[in-house]
Amino acid sequence: MLILSIETSCDETAISVVEAVGDFPNATYSVLGNALFSQIEIHQAFGGVYPAVAKREHIATIVPMLKHALGDASLEKGFTPALTDEERTKVHELLAREHSLGDQVLSFHASFGRPPIDAIAVTSGPGLEPALWVGINFAKALAYLWNVPVVPVDHMEGHILVSVFDGHHLAPLTFPAIALLVSGGHTELILMNTWNEYEKIGVTRDDAAGEAFDKVARMLGLPYPGGPEISRLAALARTEKLPAFTTLPKPMIHSGDLDFSFSGLKTAVRYAIADRVLSDTNKKALARDFEDTAVAVLTQKLKTAIETHGAQSVILGGGVAANQVLREAISSLSSPLLFPHLAVYLPSISLATDNSVMIALAGHAHLKAALLPSQFATTIKADGNKSIQNSTWASL
Ligand code: KG4
Ligand code: ZN
């Protein structure tokens, strides 16, 4: 079957066409088309992502991404029956809040017709609601024109699944598995006793890990998103063997639970800087001190979670999983002195940050929850605070 997947939860507009042969989790997948537009340059001017700006950019780029993904997949142009006035009105109704997208969708349909897509997977949360709604309403309009079902997807579940994806298959996971999810909006530990079952066992009490990287980068005068910038400076500090700029606290490291806190670490960096003017050397050293501390806290909590739950596998997911120092620290958990039998899964660097391949995988996992246009009118909605634990898959 062919799945069209749509991701618009934050600042990436992404659409993929993924073929799945067989059932989840044993299917063979082929990514036929994968289009992604990053709004990063637009948001850099503001130092962060504003939902209204993200929404505007998704509206401007989602149809070009659709054409790109379908073009990559070399899908034949479909039969294009002339639409009735009622059908045109319905498309405009579905996209009433995404001005101009209704016209774009209708003109796309007039020239491309109905491609041989079997289902549409779309992120319904968590994320920025105005941004999520663009993807959801777009999915509904396409599903209506193509008469295919839509499956709402949890963004964080997408991060988990893509981390065990080798390009064609999902790894044969041994359970219990623990996922450490580290992104711009979330930092959580998830226990999986089997596929499609998630229990949140640890969360951040304040900032997410990625958010802390972004905020510290801003304090150092580095552009958004800060994660890669901090890593770049930290790597230079290591090569140059710079001495520590400061000693940072490791918040909650001995708290006895699996929760995190990154706000204190961020504040400690602010105090360390105070009103000093930092030299480039200071910045590199501080970036390294911060990265080492953040990685140490994440690794320590994951270690405790593995011990507590007897985990056989660990999965690192989310944008911060692109961080090389974190990847090495998590990989080394399977060393002979720690957990020699532990299987460690890391996402490919290119699929660690937001993308739509991960949404296709999560959509395939929940195909049974797919709803036809006659059923999804009010059921599929954006949920900015969607929690993987409270997901409503079971009840759909
Ligand atoms: O998963 P993601 O792409 O978007 C959300 O769902 O939030 O994660 C984005 C976050 C940003 O905070 C970004 O700074 C961080 O991932 N990030 C990194 C690295 N690459 C991206 N953090 C640390 N090191 C990196 N190399
Ligand atoms: Zn994400």
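For this structure, a couple of remarks:
- The Cβ shell under 12 Å around ASP289 holds other residues with a net charge of +3, Lys and Arg each +1, Asp and Glu each -1.
- Straight-line reach from LYS368: taking Cα to Cα under 21 Å and skipping same-chain neighbours fewer than 8 places apart, the lysines in range are LYS140, LYS381, LYS386.
- Positive-end residue of SER279, LEU236, ILE380, charge dipole of the chain with Cβ unit charges: SER279
- Alpha-carbon geometry of segment 1-133: the Rg and the Dmax are 15.7, 46 Å, given in that order.
- Put simply, the amide H of VAL151, placed in the peptide plane, has neighbours under 5 Å in ILE120, ALA121, VAL122, LEU371, leaving out anything fewer than 5 places away on its chain.
- Taking the chain and dividing mean pair separation by its residue count, relative contact order in percent (alpha carbons under 8 Å, at least six apart): 22 percent
- Each of ILE40, ILE3 has some number of other Cβ atoms within 10 Å of its Cβ, and from fewest to most they run ILE40, ILE3.
- DSSP beta bridges confined to the chain are antiparallel in about 60 percent of cases.
- Reachable lysines from LYS241, criterion Cα separation under 19 angstrom, eight or more residues apart if same chain: LYS283, LYS284
- Fewest-first sequence of THR299, THR293, THR8, THR13 by Cβ atoms within 10 Å of each Cβ: THR299, THR293, THR13, THR8
- Only aspartates and glutamates eight or more places from LYS301 in sequence, or on another chain, were considered; those with a Cα closer than 13 Å are GLU188, ASP257, ASP259.
- Sorted from longest to shortest, the spans of the Cα atoms of segment 101-145 along the three principal axes equal 33, 24, 12 Å.
- Remark: relative contact order (segment 104-196) = 22 percent; criterion is Cα-Cα distance under 8 angstrom and separation of 6 or more residues.
- Proximal charge balance of ALA179 [Cβ under 11 Å; K/R count +1, D/E count -1]: -2
- Sorted from longest to shortest, the spans of the Cα atoms of segment 125-279 along the three principal axes equal 61, 36, 30 Å.
- Free of any trypsin sites (Lys or Arg not before Pro) that DSSP assigns to a loop and that have at most 10 other C-beta atoms within 10 Å, the longest stretch within the chain is 1-240.
- In the chain, the alpha-carbon atoms span a convex hull of 133 Å³ per residue.
- For the chain, calculated [θ]222 nm from helices alone, where every DSSP H run of n ≥ 4 adds -39500 (n - 2.57): -13000 deg cm²/dmol
Values in this text are rule-based calculations from the coordinates and carry no lab data. These numbers come from a predicted model, not from an experiment. Please note: Cβ atoms are built from the backbone with ideal geometry, for glycine as well, and neighbour counts cover all protein chains shown.
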